[in-house]
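A short write-up of the structure that comes next.
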Amino acid sequence: METKQLVTFKTAAESLNFTKTAKTLKFAQSSVTAQIKALEKELDTPLFERLGKRLYLTEAGHQFKKYTDQMLALTEEAQMVTRGLEEPSGTLVIGAQESQCTYRLPTILRSFKDQFPQVKLIFKPAHSDEKAKEQLINGTLDIAFIMDVFRPKDPLNVETLLEDNMKLVSAPDHPLHKKAEILPPDLEDETLLLTETGCSYRTILEDSLRKADIHPTNKFEFVSIEAIKQCVIAGLGVAILPEMVVEKDIQEGRIKELNWKADTPTFYTQIAWHKDKFMTIPLEAFIDLTRKILQTS
């Protein structure tokens, strides 16, 4: 099998669309089809199947995708070494929630780019931890930052970096600040400012309310955490957000923490990658750098 065929298969496996694959690689669609058929003939098994108008990977295709990623990464690293390049190159695709991108990653990225200026970094939003894990498993992400409770049996390599405190917050003049402590029933008639369904911040709040049989009906949903914070400041409702997002605003008096007394799990910032991922020099360096910066910050 040729490297060109592996690149074509990898692209098709990620897009699940031969037309898009041809456009991305600037091939004729017939060339894409021919390369895939040649691979399937060599492997003596189908890699794709069509159900209606949709294209899917077969089980063999899923397995071959893992080896394709490793072979292409190893080929790229071998080319780098044999050409005598002093600086590693390539691409890392990173998934992260907005809060991580805004408040934690800039320091890591600055240090990483100083060490690996030729490595291209691509960021994809990870609005939910489950979605990020799916993308790690199917190979569309190389690595992801997730915020979750500790799950020791996770099928991925998941490394806990630090504990995250969550804060229930509102505007300083909100009536709830008259209460010494806030319990789930106190939020029944409040407007909740929430992230998208599946986001860990939203899940822990809704789970706490559900356990107490509290079902607020006034909810605003946002894509952006920064938008939620601005709405809190404007007095539109209450929100539960990571301490790193609201710490400065609390110190400067724009937001005030409510004394939330519900039973909520401990959350952690974690870094995750596929257990079968081929560890390139830049990928290993990124993980090591992240450990050093976050665990000593």
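MET147 satisfies every condition listed in (1) surrounded by fewer than 19 Cβ atoms within 10 Å (Cβ to Cβ); (2) at pLDDT below 85 except (1). For segment 79-87, state whether one or more residues are under 30 Å from THR269 (Cβ atoms) and surrounded by fewer than 18 Cβ atoms within 10 Å (Cβ to Cβ). Looking through segment 79-87, at least one residue is under 30 Å from THR269 (Cβ atoms) and surrounded by fewer than 18 Cβ atoms within 10 Å (Cβ to Cβ). For segment 209-231, does any single residue satisfy the condition of being buried (at least 19 other Cβ atoms within 10 Å of the Cβ), under 26 Å from the mean Cα position of the chain (by Cα) and assigned to a strand (DSSP E or B)? No, segment 209-231 contains no residue that is buried (at least 19 other Cβ atoms within 10 Å of the Cβ), under 26 Å from the mean Cα position of the chain (by Cα) and assigned to a strand (DSSP E or B). When we screen LEU136, LEU121, LEU162 for residues that are surrounded by fewer than 19 Cβ atoms within 10 Å (Cβ to Cβ) and under 29 Å from THR11 (Cα atoms), the only hit is LEU121. Taken over segment 202-217, the criterion of being in contact with a strand residue (DSSP E or B) (Cβ under 6 Å, 6 or more places away or on another chain) and within 14 Å of ASP263 (Cα to Cα) is satisfied by LEU205 alone. Taking every residue in segment 113-124 that is under 22 Å from THR140 (Cβ atoms) and pairing it with any residue that is aromatic (Phe, Trp, Tyr) and surrounded by 12 or more Cβ atoms within 10 Å (Cβ to Cβ), at least 6 positions away or on another chain, the pairs with Cβ-Cβ distances below 9 Å are PHE116/PHE286; VAL119/PHE112; VAL119/PHE286; LEU121/PHE112; LEU121/PHE286. Whether a residue is at pLDDT below 90, of a type in the set (Ser, Thr, Tyr), over 30 Å from ILE94 (Cβ atoms) and in the same structural domain as ILE250 (by TED's automatic domain parsing) was assessed, and SER224 does not pass this test. Here GLU284 meets the list (1) within 19 Å of the chain's Cα centre (by Cα); (2) assigned to a helix (DSSP H, G or I); (3) buried (at least 17 other Cβ atoms within 10 Å of the Cβ) almost entirely, failing just condition (3).
On inspection, ALA60 fails the criterion of being touching a Lys or Arg at 6+ places or on another chain (Cβ under 8 Å), part of a helix (DSSP H, G or I) and either modelled with pLDDT of 90 or more or among the β-branched types (Val, Ile, Thr) (or both). In the set LEU236, LEU289, LEU258, only one residue is closer than 17 Å to LEU105 by Cβ and not acidic (Asp, Glu); that residue is LEU289. Among the numbered conditions (1) modelled with pLDDT of 90 or more; (2) not in a loop (DSSP other than H, G, I, E, B), the only one that ARG202 does not meet is (1).
Could you give me the residue pairs with C-beta distances under 9 Å whose first residue belongs to segment 14-30 and is in contact (Cβ under 8 Å) with a residue 40 or more places away in the chain, whose second residue is assigned to a loop (DSSP other than H, G, I, E, B) and not polar (S, T, N, Q) wherever it lies, and which are 6+ apart or on separate chains? So the pair list comes out as GLU14/GLY139.
Scanning segment 267-282 for residues that are touching a strand residue (DSSP E or B) at 6+ places or on another chain (Cβ under 6 Å) and either of a type in the set (S, T, N, Q) or at pLDDT 90 or above (or both) yields THR269, GLN270, ILE271, ALA272, TRP273. Among the criteria (1) at pLDDT 90 or above; (2) under 22 Å from the mean Cα position of the chain (by Cα), the one GLU163 does not fulfil is (1). Please state which of the following conditions GLU42 fails to meet, knowing it meets all the rest: (1) more than 23 Å from the chain's Cα centre (by Cα); (2) within 24 Å of ILE137 (Cβ to Cβ); (3) not in a loop (DSSP other than H, G, I, E, B). (2) is the only condition that GLU42 fails. Of a type in the set (A, V, I, L, M, F, W, C) and either over 26 Å from ILE293 (Cβ atoms) or part of a loop (DSSP other than H, G, I, E, B) (or both): does that describe ALA272? So ALA272 does not fit the description; no.
The values are calculated or read from the model by the stated rules, or taken from the named source; none is laboratory data. Since the structure is predicted, the reported quantities are computational estimates derived from the model, not experimental observations. All Cβ positions, glycine included, derive from the backbone under ideal geometry; neighbour counts span all protein chains shown.
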